[in-house]
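Worksheet for the structure shown next.
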Amino acid sequence: VQLQASGGGLVQAGGSLRLSCVASGRTFSVYHMGWFRQAPGKEREFVAAVVWRGSGTYYHDSAKGRFTISKDNVESTVYLQMNSLEPGDTALYYCAATSKRSWPPRPYEYDYWGRGTLVTVSS
């Protein structure tokens, strides 16, 4: 499974961005997809996940109420709508996919990772 993320950029605090991640290849093996981020000097952290073969979402506390994960199975795309962005949201955002059924997936259960897309939030 190959994952291609896009949509990052520079935005002012309070603004919005929508990230997209297109999956290709053996997508029939995917059960769930997620978004992670890594800020400079920090470890990668989980942001949100979505059930690929059904319905359901799961969020990190820092994303609840501001971020929305969604999917389009026909287009094999997962989205992350980010509103009310803060400078603390500045990071490289990655999409990931897992072939494991357990829900919500643990970070170590993700099998496939895309290259990140950079989000910079200015104050």
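The values are calculated or read from the model by the stated rules, or taken from the named source; none is laboratory data. Quick caveat, the model's predicted, so the values are computed rather than measured. For neighbour counting, all protein chains shown are included, and Cβ atoms are generated from backbone atoms with ideal geometry for every residue, glycine included. Please note that ligands, DNA and RNA were not included when accessible areas were found on the heavy atoms of the full protein model with its side chains. Shrake-Rupley method; radii C 1.70, N 1.55, O 1.52, S 1.80 Å.
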What trypsin sites (Lys or Arg not before Pro) does the range 38-97 have in DSSP loop regions with at most 13 other beta carbons within 10 Å? LYS42, ARG53, LYS64
Solvent-accessible surface (1.4 angstrom probe) belonging to ASP89, in square angstrom, nearest 10: 0
Gain in length, GLU86 to LEU10, computed as 0.36 nm per residue apart minus the alpha-carbon separation, to one decimal in nm? 26.2 nm
Per residue, accessible area of the chain with a 1.4 Å probe, heavy atoms of protein chains only, in Å², comes to 52
What are the ³J(HN,Hα) couplings of the range 13-28, residue after residue, when phi is run through the Karplus curve with 6.51, -1.76, 1.60 and θ = phi - 60°? Round to Hz, x for glycine and proline. 4, x, x, 10, 9, 10, 8, 10, 9, 9, 9, 9, x, 7, 5, 5
Percent of beta bridges antiparallel (DSSP, the chain, rounded to nearest 5): 90
Among GLN81, THR98, TRP113 the positive-end extreme of the charge dipole of the range 67-123 (Cβ point charges): THR98
In whole Å, what are the extents of the chain along the principal axes defined by its C-alpha atoms, from largest to smallest? 41, 25, 24
Within a Gaussian network of the chain (alpha carbon springs, distance under 10 Å), most fluctuating of ALA23, ALA96, ALA63: ALA63
